[in-house]
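Below is one structure, written out as structure tokens, with a few remarks after it.
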Amino acid sequence: MAMNQYVFLHETDKAALDALKAIPGFSQVTKAFMNSWSEKLMHMENMASYIRISEKQLPKYYEMLKEISKKLGIETPDLFLKLDVVPNAYTSGDTKPFIVMTSALLETLPEELIPTVLAHECGHIVCHHVLYRTMGSMILSGALTMMPLSAAVIYPVMAAFRKWMRCSELSADRVAVLCDGSSDHLIELCMRFAGFTKNISGEMNVEAFMEQAEEYNRLTQKNVLNKTLEQMRFSQLSHPIHAVRAYECRNWTQSNEFILAKEYFDSYQQRIAPSKLPVSFQKKSFSGKSAIEAGSILKELGFSNIRREASTQNALFMKENDVIETLVNGSGDYKEGEWIDADALITLKYYRKPAAQEKKNQAKFIRLMHSDDYYSEKTYEEAAAEFRNAGFKNIILRPVCDLSDSDDVRCSRIIAVRIGENTSFRKSELVADDVEIIISYHAVSENS
């Protein structure tokens with residue numbers, strides 16, 4: 001069973017990403033980025049400039065990462081240590097993500113908080129943030145300013161990237177909370193980054209910090225001016241402010257959603273089926289995928305009651321067996337992110353051509369050996385044998401009793417051959433093998 005990212009996804013994460021993708025210039029910026037960026041080059045830079053942490057180098061941190069990766073069902077990413085006075089950690093890459101920690105991070109945080117940092121970074125991987133975060137980091141650092149893109153294209157994308165990157169941090173925080181089992185370490189991490197050093201622990205008051213976070217939330221949520229000031233002050237940041245992160249985590253762990261997420265996460269560790277799952281699709285999410293492929297994806301996510309239902313509903317550009325819509329318990333009235341029973345009925349309605357069209361498509365086509373005038377001097381036996389040997393299945397012999405003498409040279413000679421509705425046809429013309437072929441011929445009248 002694959003880990004379902006919607007277990008962790010913060011509601012603002014998806015909304016901000018959808019808004020980013022909807023910007024008219026986003027596709028241009030993405031194309032420019034993909035043309036200029038090289039994952040292999042980033043790997044070479046890491047190998048050349050930083051310390052790679054492994055079983056042989058700082059193994060305790062490698063073992064922390066290995067254990068977290070196992071919990072999340074992902075491949076253990078490369079981990080590097082970078083000399084830097086700023087305490088930080090970040091994840092980049094695409095097909096082979098990697099994590100970088102700074103030396104100042106290890107100097108600032110007590111060792112028991114390092115797994116929380118690593119779980120947060122792995123959260124970006126399991127939530128499928130890495131490529132867009134790599135792209136966003138490079139764009140915000142000015143990497144695309146030399147590209148032939150106008151400011152009218154780049155700046156709206158930059159602003160939207162900043163907002164989404166802040167929101168994506170909240171999803172990664174939830175991953176860390178579930179890996180830790182509570183929000184305690186994440187809140188302490190926020191306090192450390194806000195001001196407490198490694199050497200100050202005994203005087204830390206978590207509840208006082210949370211009161212501070214709640215007061216900040218009241219200041220910004222209930223006052224339009226303060227909200228505007230917040231946006232002006234923090235809109236250029238790529239990470240949410242520490243009080244907001246702590247407040248969001250504490251609120252989440254006190255919600256029913258967290259209870260469901262923890263039950264799912266614990267079930268995943270024990271390799272047993274959870275009782276409930278978050279919906280990670282919309283009514284049209286699987287459009288363009290075959291019903292079999294969509295069913296496999298849903299099964300991998302843990303849904304156990306999947307039914308495929310054929311429909312001849314007219315669908316533009318729809319291929320045979322493509323999913324038209326996805327229903328939950330017979331209804332399309334559901335939302336991404338809501339939790340439903342793992343055995344809820346998921347119906348994949350897929351396109352099937354109408355029977356007549358399907359029969360037509362399944363017919364075998366045969367190339368005619370002669371044109372219509374060829375048969376005017378042939379006997380019906382010769383023509384019937386020829387059509388039969390070519391593979392035609394529906395041959396009808398129709399005598400026309402217009403002769404009085406069996407010695408008449410016209411006896412058994414063909415009057416006309418009709419293929420389908422046509423009595424005129426050309427050599428090499430393609431005709432379906434089940435078409436009706438009527439051969440009319442001269443015959444002796446019974447009264448003669």
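The values are calculated or read from the model by the stated rules, or taken from the named source; none is laboratory data. Here the structure is a predicted model, which is why all the values come from computation and not from measurement. Every residue, glycine among them, receives a Cβ derived from its backbone with ideal geometry; neighbour counts consider all protein chains shown. In case anyone asks, the SASA skips ligands and DNA or RNA and just uses the protein heavy atoms, side chains included. Shrake-Rupley method; radii C 1.70, N 1.55, O 1.52, S 1.80 Å.
Helix screen, the chain: DSSP H segments with Cα axial length of 27 Å or more and mean Kyte-Doolittle hydropathy at least 0.5 are 151-180.
For MET64, the accessible area of its heavy atoms, probed at 1.4 Å with every protein chain present, is near 40 square angstrom.
Here, segment 325-448 yields an orientationally averaged convex hull projection of 13.4 nm² when only Cα atoms define the hull. With contributions of -39500 (n - 2.57) from each DSSP H run of at least four residues, the per-residue ellipticity at 222 nm computed over the chain stands at -14000 deg cm²/dmol. With protein chains left intact and a 1.4 Å probe, residues in the chain average 54 Å² of accessible area per residue. As a calculated quantity, the FRET efficiency between GLU338 and CYS401 at R0 = 51 Å, using C-beta atoms, amounts to about 0.10. Per atom type, the chain shows carbon and sulfur on 51% of its accessible surface, probed at 1.4 Å.
Remark on segment 1-54: hydrodynamic radius 14.7 angstrom, per the Kirkwood mean of 1/r across alpha carbon pairs. The fraction of Cα-Cα pairs per 10 angstrom bin, counted from 0 for segment 1-140, comes to 10, 38, 35, 15, 1 percent, rounded to whole percents.
For the chain, the Kirkwood estimate of hydrodynamic radius, built from reciprocal distances between every pair of different alpha carbons, is 27.6 Å. Comparing Cα centroids, segment 1-63 and segment 301-353 end up 31 angstrom apart. Each label point was placed 7 Å from the Cα along the Cα-to-Cβ direction; for ASP266 and TYR374 their separation is 7.9 nm. Short-range pairs are left out: with C-alpha atoms under 8 Å and at least six residues apart, the relative contact order of the chain is 12 percent. Measuring with a 1.4 angstrom probe and ignoring ligands and nucleic acids, PHE80 comes out at about 0 Å² accessible.
Over segment 4-151, Cα pairs under 8 Å with separation of 6+ residues give a relative contact order of 21 percent.
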